[in-house]
Amino acid sequence: MSLLTVSGSPHLHADNSVRKIMYGVLISLIPATLVSFYFFGLGAIIVTLTAVVSCVVFEFLMQKYLVKGPVTIFDGSAIITGVLLAFNVPSNLPLWIMVVGSFVAIGMGKMTFGGLGKNPFNPALVGRGFMMISFPVQMTTWPKPIPMNTQLTDVVTGPTALGVVKDGVGRGEKVSELLPQVPEYTDLFIGNMGGSIGEVSAIALILGGLYMLLRKIITWHIPVSYIATVFVFTGIMWLINPEVYIDPVFHIITGGLMLGAIYMATDMVTSPMTPAGMLIFGVGCGVLTVVIRLFGAYPEGVSFAILIMNAFVPLIDRGFKPKRFGEEVKNG
Amino acid sequence: MKTFKIGGVHPPEYKISEKQPIEVLSLPETVSIPLAQHLGVPAVPVVKKGDKVKTGQLIAKGEAFISANIHSSATGTVSKIDDVIDDSGYRKKAVIIKVENEQWEDGIDTSDNLIKECNLTQEDIVNKVNQMGIVGMGGATFPSHVKLQVPKGKKAEYLLINGVECEPYLTSDHRLMLEKSHELMVGITIQMKALGVDKAIIGVENNKPDALEKLSKLAKEFKGITVEPLKVKYPQGAEKQLIKALVNREVPSGKLPIEVGCVVHNVGTSFAVYEAVQKNKPLIERVVTVTGSNVKKPSNFLTRIGTPVISLIEASGGLLPNTGKVISGGPMMGKALNDLNVPVTKGTSGILVISDYEAQRVSLQNCIRCAKCVTICPMALEPYLLALISDKQRYEEAEENQIMDCMECGSCHYICPSGRPLLDQIRVGKANVGKMIRERN
Ligand code: SF4
Ligand code: SF4
């Protein structure tokens with residue numbers, strides 16, 4: 001008789017794997033990718049491909065020659081980092097900057113901590129933070145959307161909707177005077193505005209988020225608490241003075257909020273483990289985002305808000321334990 | 001439909017033997033009857049080498065409070081009292097009997113006649129259950145007479161009967177509920193009398209509609225017994241989860257069900273109580289499911305205690321060539337065997353035979369902090385954390401994080417996308433924390 005395997009229970013394993021989860025995330029990114037290609041054309045395609053290829057290649061090289069461990073580039077996580085990194089930059093970003101950004105995202109953001117699962121910060125945001133600081137001009141030159149553009153011509157660039165309002169208010173202009181300079185709200189919702197490649201279309205991002213919810217890749221806690229906090233906080237400011245602070249709907253459909261709340265903040269590796277912790281995390285991201293948007297130097301604060309909250313995750317995990325079974329006895 | 005609230009998983013059910021009626025398995029040439037088939041102190045043998053024993057004769061006495069009597073499951077000669085490997089993989093003392101022509105001990109009613117009336121007092125019932133060596137047959141093997149005595153200062157309100165059979169593959173309780181429904185009901189009535197309760201609820205998952213229907217109909221004839229369909233979810237058969245599902249009460253950490261006025265018995269145990277009290281028959285046989293992708297004919301056998309596992313597998317058509325693992329019990333909590341001469345004991349609910357391919361573990365990766373294990377842990381623990389700190393030998397921290405509340409249901413291990421051996425690590429942690437607590441006291 002052949003030898004029997006002896007191992008501890010359980011002897012059954014669910015039909016899931018890291019790879020399945022990661023490819024689920026990638027599928028959910030399809031709508032947002034298509035919308036961005038539609039509005040930003042060939043430039044967006046090339047930048048995205050560059051980021052994906054660079055991330056995968058850098059991960060391969062580091063795993064093979066530095067870590068000398070197993071190569072796991074096919075688990076899909078490097079591809080996700082690439083796509084999300086590209087989603088966070090303008091479509092006319094010089095490709096060499098994209099390559100450098102990918103190197104930092106994978107190297108400093110992920111591999112240096114021991115690879116997928118051990119990184120405290122979202123790798124794509126580490127890459128983006130680095131690029132924002134090192135190449136502020138290239139990172140904030142936003143092409144205006146041209147539907148179905150197949151040319152790689154020099155496109156017209158301009159500030160994002162958030163930037164228009166921030167600069168205007170900074171110069172002492174009234175919000176009501178600035179509103180005509182930003183796209184219609186329906187355009188903002190669909191994604192017809194200047195901005196980073198993947199952040200523009202709220203509707204496509206929400207669609208992707210719903211898919212991930214359905215597949216149980218994410219839970220509602222972080223996106224909902226994040227977006228709700230931004231809405232409430234900016235809403236209060238708007239009620240106080242609508243000529244200085246623009247309305248909350250504008251805040252939630254512009255900038256990187258949807259992308260951040262649905263894809264960046266929900267990164268399972270760098271977010272808390274319990275529902276209560278996730279809610280606190282979402283609220284923290286929301287508050288920080290608004291504080292940076294309204295009172296900080298940058299018009300947008302999503303990336304830094306999430307990075308800061310990433311750093312608090314170990315503390316949150318310590319403080320917010322699940323309510324144990326039998327802890328509070330309610331009998332009847 | 002009712003179920004427990006926190007966590008839980010839903011593995012594929014694979015109840016491939018559910019339509020197979022219970023068959024009586026013929027006796028092997030020798031039976032090895034371990035002296036420790038129950039939780040607590042092993043029984044002390046009262047026979048010696050060379051003694052002739054009859055079927056149902058007492059061969060070892062449970063002398064401690066938490067212990068159980070052991071009876072001979074066959075007629076024959078005691079060939080030796082020696083160590084055998086049991087399903088834990090350890091060597092345990094057992095009485096080994098060479099089987100001869102069957103002759104039952106006097107006073108045991110071996111007929112199929114249903115006896116409904118029971119005029120014994122509470123005390124007599126408990127004594128009878130004690131004498132006949134009845135233990136929990138769902139797997140925990142806790143001596144039943146202890147559970148039937150309500151401790152001073154506590155009051156039992158409900159008797160809950162576990163007919164959940166939430167482990168995939170297993171069908172022994174299912175078949176028993178279908179084929180011995182009347183006996184089961186009488187057994188439950190007797191247990192109610194012993195406990196002094198007037199309410200009993202049988203919990204059955206709704207993947208067994210035939211059993212639910214049959215028992216519900218029959219329950220109308222028995223005072224105080226109701227049948228409750230439960231949503232299929234693992235581990236609903238765990239005591240605390242079953243209590244939560246049926247009466248919405250939470251047993252506090254480290255406490256027993258009686259704390260919330262409940263006593264839980266398995267359907268197999270209830271049937272054994274019936275036979276003990278009404279037929280004077282000790283616990284010498286049980287229904288064992290033989291199942292899995294690597295047995296030819298999945299079956300349910302009425303098996304004498306002490307029968308080697310290999311006999312059951314042979315009766316189901318033998319091992320297929322690419323067999324990878326043989327498990328005593330279900331796939332979630334069962335124990336993998338490395339020796340097929342291991343005897344069936346009072347707690348053996350099934351023998352599961354799976355292929356090489358199914359026996360492989362998923363490839364191991366870092367924990368990706370997906371929080372799945374936290375979400376599904378029915379005790380609301382943090383398995384990823386318990387595994388991590390157990391591995392780092394930070395046992396104080398493990399105790400603070402209530403590692404001792406882990407019931408080893410395996411759900412965390414089952415669900416983990418990174419294939420982390422969570423329960424393996426938690427078990428080590430539990431053993432060490434347990435030792436630490438014992439040394440402290
Ligand atoms: S084995 Fe323990 S830690 Fe894992 S899910 Fe079950 S009770 Fe929770
Ligand atoms: S299920 Fe596995 S990968 Fe997910 S948090 Fe738990 S241990 Fe980590």
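Within the bounds of region B:188-201, is there any residue that is open to solvent by 60 Å² or more (accessible area, probe 1.4 Å), more than 30 Å from B:Y14 (Cβ to Cβ) and part of a helix (DSSP H, G or I)? Yes: region B:188-201 contains one or more residues that are open to solvent by 60 Å² or more (accessible area, probe 1.4 Å), more than 30 Å from B:Y14 (Cβ to Cβ) and part of a helix (DSSP H, G or I). Among the residues of region B:133-140, is any within 21 Å of the chain's Cα centre (by Cα), more than 14 Å from chain A (Cβ to nearest Cβ) and surrounded by fewer than 20 Cβ atoms within 10 Å (Cβ to Cβ)? The answer is yes; a qualifying residue exists.
Here A:G115 clears all of (1) open to solvent by 30 Å² or more (accessible area, probe 1.4 Å); (2) farther than 23 Å from A:L42 by Cα except the condition numbered (1).
Within region B:345-361, identify whether any single residue is within 11 Å of chain A (Cβ to nearest Cβ), over 21 Å from the mean Cα position of the chain (by Cα) and more than 28 Å from B:K19 (Cβ to Cβ), and answer yes or no. Looking for residues that are within 11 Å of chain A (Cβ to nearest Cβ), over 21 Å from the mean Cα position of the chain (by Cα) and more than 28 Å from B:K19 (Cβ to Cβ), one finds at least one in region B:345-361, hence yes. Screening A:S102, A:S134 for residues that are open to solvent by less than 10 Å² (accessible area, probe 1.4 Å) and either at pLDDT 90 or above or of a type in the set (A, V, I, L, M) (or both) leaves exactly one candidate, A:S102.
Restricting attention to region B:204-253, and to residues there that are open to solvent by 50 Å² or more (accessible area, probe 1.4 Å), within 25 Å of B:K193 (Cα to Cα) and in a loop (DSSP other than H, G, I, E, B), which single residue is nearest to the other protein chains (Cβ to nearest Cβ)? Among them, the one singled out is B:N248. Could you check, for region B:395-416, whether at least one of its residues is closer than 25 Å to B:V362 by Cβ, away from ligand 1 (no atom under 11 Å from the Cβ), free of Cβ contacts under 8 Å to residues at least 24 places away in the same chain and more than 10 Å from chain A (Cβ to nearest Cβ)? No, that holds for no residue.
Checked against (1) open to solvent by less than 30 Å² (accessible area, probe 1.4 Å); (2) at pLDDT 95 or above, A:H11 passes all but condition (2). Of all the residues in region B:323-341, those that are polar (S, T, N, Q) and more than 8 Å from every other protein chain (Cβ to nearest Cβ) number 2.
It is to be established whether one or more residues within region B:114-125 are open to solvent by less than 70 Å² (accessible area, probe 1.4 Å), in contact (Cβ under 8 Å) with a residue 40 or more places away in the chain and part of a helix (DSSP H, G or I). Yes, region B:114-125 contains a residue that is open to solvent by less than 70 Å² (accessible area, probe 1.4 Å), in contact (Cβ under 8 Å) with a residue 40 or more places away in the chain and part of a helix (DSSP H, G or I). If you go through region B:417-433 and keep only what is under 24 Å from the mean Cα position of the chain (by Cα), at the interface with chain A (Cβ under 7 Å from one of its Cβ atoms) and open to solvent by less than 10 Å² (accessible area, probe 1.4 Å), you end up with just B:L423. Of everything in region B:83-113 that is more than 14 Å from chain A (Cβ to nearest Cβ), free of Cβ contacts under 8 Å to residues at least 60 places away in the same chain and under 25 Å from the mean Cα position of the chain (by Cα), the residue that is nearest to B:I190 (Cα to Cα) is B:D112.
The number of residues in region B:59-81 that are of a type outside the set (S, T, Y) and under 20 Å from B:I310 (Cα atoms) comes to 1. Within region B:364-406, the residues that satisfy the criterion of being open to solvent by 30 Å² or more (accessible area, probe 1.4 Å) and away from ligand 2 (no atom under 13 Å from the Cβ) are B:K392, B:Q393, B:R394, B:Y395, B:E396, B:E397, B:E399, B:E400, B:Q402, B:M404. Residues that are assigned to a helix (DSSP H, G or I) and within 14 Å of another protein chain (Cβ to nearest Cβ) within region B:256-297 comprise B:P257, B:I258, B:E259, B:V260, listed in sequence order.
Among the criteria (1) open to solvent by 30 Å² or more (accessible area, probe 1.4 Å); (2) closer than 30 Å to B:G434 by Cα; (3) more than 14 Å from chain A (Cβ to nearest Cβ), the one B:L302 does not fulfil is (2). Within the bounds of region B:26-46, is there any residue that is in contact with a helix residue (DSSP H, G or I) (Cβ under 8 Å, 6 or more places away or on another chain) and surrounded by 16 or more Cβ atoms within 10 Å (Cβ to Cβ)? Scanning region B:26-46, I find at least one residue that is in contact with a helix residue (DSSP H, G or I) (Cβ under 8 Å, 6 or more places away or on another chain) and surrounded by 16 or more Cβ atoms within 10 Å (Cβ to Cβ), so the answer is yes.
Number of residues in region A:183-226 that are among the β-branched types (V, I, T) and crowded, with 22+ Cβ neighbours inside 10 Å equals 4.
Every condition in (1) without any contact (Cβ under 8 Å) to a residue 40 or more places away in the chain; (2) within 14 Å of chain B (Cβ to nearest Cβ) holds for A:P248 except the one numbered (2).
For region B:362-380, the tally of residues that are more than 7 Å from every other protein chain (Cβ to nearest Cβ) and either of a type outside the set (G, A, S) or within 14 Å of ligand 1 (Cβ to nearest atom) (or both) stands at 6. Taking the criterion of being within 16 Å of ligand 2 (Cβ to nearest atom) and either within 11 Å of chain B (Cβ to nearest Cβ) or polar (S, T, N, Q) (or both), the residues of region A:256-295 that qualify are A:T266, A:D267, A:M268, A:V269, A:T270, A:S271, A:P272, A:M273, A:T274, A:P275, A:G277, A:M278.
The values are calculated or read from the model by the stated rules, or taken from the named source; none is laboratory data. Predicted model, so just to flag it, every value in this text is computed and none were measured. Heads up, the Cβs are rebuilt from the backbone with ideal geometry, glycines too, and the neighbour counts pull from every protein chain shown. Heavy atoms of the whole protein, side chains included, go into the accessibility calculation; ligands, DNA and RNA do not. Shrake-Rupley method; radii C 1.70, N 1.55, O 1.52, S 1.80 Å.
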